[in-house]
Each structure stands twice: as C-alpha cells, then as structure tokens.
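The values are calculated or read from the model by the stated rules, or taken from the named source; none is laboratory data. Please read these numbers as outputs of a predicted model, since none were measured by experiment. Note: ideal-geometry Cβ built from the backbone for every residue, glycine included; neighbour counts use all protein chains shown.
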Amino acid sequence: MKILIIPSWYPTVDKPNNGVFFREQAETLAARGHEVTVIYADLRFRLGALRTGVFEERSARVPTYIYRRHSMTPFLEPGRWPQRALMLQKLYECAVRHGGKPDVVHLHSCRQGIEAVHLCRKYSLPLVYTEHYSGLLGEPAWSLRREAQAALSGADAAVAVSESLRDAMEAFRPAGCETPIRIIPNAVDTKAFGLQATGSRAAPRRGGFVYAAMGNLVASKGFDVLLHAFRLVCDVKPDSTLVIAGAGPQRQALRQLATELGIQGRVTFAGELARAEAPRFFGGCDCFVCSSLYETFGMVLIEALACGKPVVSTRCGGPQDIVTEQNGILCEPGSVPELAQAMLALRRHGYYSSQTIRSGCAARFSADAVCGQLEALYGDVLQGRATV
C-alpha cells in the first residue's frame, strides 16, 4: 500500500524531538512492507540559518519532503491556512513524481487539517485523520475549533489516541458529520526501549530510590506540583532522588523552586535529551512520574513501561488508558498531597514485575500492535471508497 503521511509537526534540525513518534510510525509502516512518504509544510516566523524551499530530507529512513518558508501572517493562524495549502500541493506533486499517487493519506493532527482536506478533495484521495493535539482539551480558540471540525468533516475516518481525546473531538463534531472515530494509541519502539536499558549520566544511580520525569518545562506539565510533592516524599524517605529531563521556559523558575524547598541537592535537571539517550534515562530510574495537568496520550509513560518501570501519573486524560493496577498508580492532577502519597505508595508496594509491565505494554502499544490496527483501518477506508 502507498501511504502519504502529513504531520502537523515533525523532527527538524533545530527541533529533533518534535513529533518523533510520527516519524517512528512512518518507519514502522515502511518496515512492514508499505511504500511510505512524508510531506511536511514547515511555515515559520523565524527561519534563522535553516534551509528554505522544497527539499528532500536525505537522512530520513523513508522518503521525506519538506517545504520551509517564512510566514507572511506570523500572528494570524487563519492566514497560514492558504499558505500551507499551496505548500502541501507542491510537496504532493514532488512526492507523486518520485513515488506515484498514494492509496491513502494519513494526517496527524488537525493543525494542518484544513490544508490536508483541501489537498485530498482536489486529487480525490482518501483521508485518515489522527488527532494528538492537547490544545483540543479545555476551551480551544475558534481557529483551532474550525481546524478540528474541518479535519473531522473531511476525513474518511478519524482516530483519537485516547478515550478522553475522542470525547473532546466528539464535542466539536459539526452537524451532519458522520465520520467514525476509532481509538488507536500511539506506539512505542520496543526494540529501543527495553529491560536491557541501563542508567546514564541523565539518571545517575546514587543509591536509594530514583524517581524520573520528562517533558517540556511548561506549566501544563505540573513540574511545580511534582517538586512540592517530592519534598513531602523526602520528608518520609530522605534517600529519594528526582531527575527531570526536558527544556523549556520554566527551567530557571523550577530550579529556584527546588532551592526554596530545600531539595536542590536531591533534584537533577538533566536538560533535553537526544532520542538515543531516552532508553537509558528510563533504565536509570526506579519509577517514572507524570505530573501533567492534561495529556492527550502519554508517550513518556509507555516508553517507561516498555523499559519495565512502574509509573505514577495524574488522571489527566490519556494516562487513564495506559496506567493499570499492574503497572502503576493514578492520582488527581494538581494535588500535591495525592501525588506525594502515590509516589510513596508505589515505593512501598514493591510488587511490580518489570517483565509483566513490559509484556503488558508491548501487547497494547508495540509498533506492530498499533500498525496492525492502522492497516485494518486503511483497508476499511479503501473498501468503503470502492463501494461508493
């Protein structure tokens, strides 16, 4: 099957971890025998020294075409829609010249939904739409709501990566739109993330019990709540340490908070990790903690589980589809006492089996398990088109 993937964000030279799971899914589909091509319209306000124009990403494992240019409407999202529509058309023409017309197009996130729907209608292409974007949770701006409605109305089939995200998508469903929404989770590379992973400089073994967390250092990740909870943990278990990986605007404020709480000697800020370092990071901890206020899924959770690590997570959306009694504990988002109690409870239990955690994760979230569901969906879409 020829599959054309349109991601709304994607790894680039300056943002190597941006949408890396889109790339990994494309590579897995290609490894399963499909002809996969990726096209990415990279419209930006600031370009710096980045390459511009249409070009093929030579280092990619699947054919990947990028069109990068300066946005003529940097502060107006609707102004970007016609610009990206033209960009996607040029990219599509380039992809077809090199690989032929696709059997199906797979859009990741509504952030380029209006543009992808326009492209598929112009060339009579079947469209599968998967949503990942956390901005749809809560009260999204009217422009984002319109993008979500356009993607849902224009797709042959839609996918949510969690039950909570499907509920949010249903709330945006336009009148008369009957596009079905299936739940198909994101996948973890169980070859890279496994029990053999060992600690690295990012998660050093100091003795005692090591908690780990990872994510962008922004307010929605709740790292301030985590630091307050960790101080309570240290009052009970002073041999505890916490390693936080990630970069973002709250880095300095979180460092200062750790100092104010008197736990700066027990907390390590590891910075943003290269993708290859992530398995060793998870392998170097005893427990992974997600303190987010909201998540559409929880990639870091399934990566930790694939490494056999138990998890503590807030009930913030996607994690409810991931965390079970066999692999971790859930608690309410934003609650310092509940998070601290969960972190201590997980340590006290001590009955979690690394092998059971990993095997359960692989059964639900391995690349083969997830891509098998996608292949079935593609088949249903193509069969539906054939019978119209």
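State which residue is farthest from D167 (Cα to Cα) when the search covers only region 314-343 and only residues that are under 16 Å from the mean Cα position of the chain (by Cα) and buried (at least 23 other Cβ atoms within 10 Å of the Cβ).
Per the stated criteria, the residue is I322.
Being in a loop (DSSP other than H, G, I, E, B) and within 22 Å of V370 (Cα to Cα) narrows it down to one of T73, T179, T130, so name that one.
T179
Can you tell me which residues in region 208-237 are over 17 Å from S292 (Cα atoms) and either in contact with a Ser or Thr (Cβ under 8 Å, 6 or more places away or on another chain) or in contact (Cβ under 8 Å) with a residue 12 or more places away in the chain (or both)?
If the condition is that a residue be over 17 Å from S292 (Cα atoms) and either in contact with a Ser or Thr (Cβ under 8 Å, 6 or more places away or on another chain) or in contact (Cβ under 8 Å) with a residue 12 or more places away in the chain (or both), then G208, F209, V210, R231, L232, V233, C234, V236, K237 are the ones that fit.
Is it the case that some residue within region 290-303 is of a type in the set (D, E, K, R) and out of contact with any Asp or Glu (no Cβ under 9 Å at 6 or more places or on another chain)? Working first, answer last.
Filtering region 290-303 down to residues of a type in the set (D, E, K, R) leaves 295, 303.
Adding the requirement that they be out of contact with any Asp or Glu (no Cβ under 9 Å at 6 or more places or on another chain) leaves 295.
Yes, some residue in region 290-303 is of a type in the set (D, E, K, R) and out of contact with any Asp or Glu (no Cβ under 9 Å at 6 or more places or on another chain).
Provide a single number: the residues in region 179-200 that are modelled with pLDDT of 90 or more and over 17 Å from Y129 (Cβ atoms).
Here the count works out to 8.
What are the residues in region 1-39 that are in a loop (DSSP other than H, G, I, E, B), without any contact (Cβ under 8 Å) to a residue 40 or more places away in the chain and among the small types (G, A, S), if any?
Listed by number, the list holds a single entry, G33.
Can you name every residue in region 363-388 that is surrounded by 15 or more Cβ atoms within 10 Å (Cβ to Cβ), hydrophobic (A, V, I, L, M, F, W, C) and closer than 16 Å to D321 by Cβ?
Scanning region 363-388 gives F365, A369, V370.
Can you give me the number of residues within region 96-113 that are buried (at least 22 other Cβ atoms within 10 Å of the Cβ) and assigned to a helix (DSSP H, G or I)?
4
Yes or no: R145 surrounded by fewer than 18 Cβ atoms within 10 Å (Cβ to Cβ) and either acidic (D, E) or more than 20 Å from C371 (Cα to Cα) (or both)?
Yes, satisfied.
Within the bounds of region 245-262, is there any residue that is closer than 15 Å to M343 by Cβ and buried (at least 18 other Cβ atoms within 10 Å of the Cβ)?
Within region 245-262, not a single residue is closer than 15 Å to M343 by Cβ and buried (at least 18 other Cβ atoms within 10 Å of the Cβ).
Within region 56-69, can you find the residues that are closer than 18 Å to W9 by Cβ and modelled with pLDDT of 95 or more?
Across region 56-69, the qualifying residues are V62, T64, Y65, I66, Y67, R68, R69.
Say we look at region 31-50 and pick out the residues that are within 26 Å of E277 (Cβ to Cβ) and more than 20 Å from the chain's Cα centre (by Cα); which of these is surrounded by the most Cβ atoms within 10 Å (Cβ to Cβ)? Full working, then the answer.
Of all residues in region 31-50, those within 26 Å of E277 (Cβ to Cβ) come to 31, 38, 40, 42, 48-50.
Narrowing further to those that are more than 20 Å from the chain's Cα centre (by Cα): 31, 48-50.
Working: A31: 14, G48: 6, A49: 7, L50: 12.
Checking each candidate, the answer is A31.
Would you mind finding the one in A306, A386, A362 that is farther than 23 Å from Y10 by Cβ and at pLDDT 95 or above? Explain how you work it out, then say what you get.
Values: A306 fails: farther than 23 Å from Y10 by Cβ; A386 fails: at pLDDT 95 or above.
Answer to the selection: A362.
Pairs please, first residue from region 40-58 and assigned by TED's automatic domain parsing to the domain that holds Y92, second anywhere and acidic (D, E) and outside any loop (DSSP other than H, G, I, E, B), Cβ atoms under 8 Å, 6+ apart in sequence or on different chains.
A41/E115
Applying the selection to region 122-169, what residues are of a type in the set (S, T, Y) and either within 17 Å of the chain's Cα centre (by Cα) or not assigned by TED's automatic domain parsing to the domain that holds F75 (or both)?
Y129, T130, Y133, S134, S162, S164 - these are the residues of region 122-169 that are of a type in the set (S, T, Y) and either within 17 Å of the chain's Cα centre (by Cα) or not assigned by TED's automatic domain parsing to the domain that holds F75 (or both).
What's the number of the condition E139 fails, among (1) of a type in the set (D, E); (2) crowded, with 18+ Cβ neighbours inside 10 Å; (3) in a loop (DSSP other than H, G, I, E, B)?
Just one mismatch for E139, condition (2).
Taking G53 and the conditions (1) surrounded by 15 or more Cβ atoms within 10 Å (Cβ to Cβ); (2) on the phi > 0 side of the Ramachandran plot, which numbered condition does it fall short on, given that it satisfies the others?
Here G53 meets the rest and fails (1).
Quick one: in region 1-23, of everything that is farther than 14 Å from I66 by Cα and either hydroxyl-bearing (S, T, Y) or at pLDDT 95 or above (or both), which residue is surrounded by the most Cβ atoms within 10 Å (Cβ to Cβ)?
Among those residues, the one meeting the criterion is F22.
Residues in region 266-288: is at least one of a type outside the set (V, I, T), outside any strand (DSSP E or B), under 17 Å from S335 (Cβ atoms) and at pLDDT 95 or above?
No, the conditions are met nowhere in region 266-288.
Residues of region 57-73 being surrounded by 13 or more Cβ atoms within 10 Å (Cβ to Cβ) and over 24 Å from the mean Cα position of the chain (by Cα), which ones?
Passing the criteria: R69, S71, T73.
Residue under question is A278, and the condition is that it be surrounded by fewer than 23 Cβ atoms within 10 Å (Cβ to Cβ) and of a type in the set (A, V, I, L, M, F, W, C); does it hold?
In short, no.
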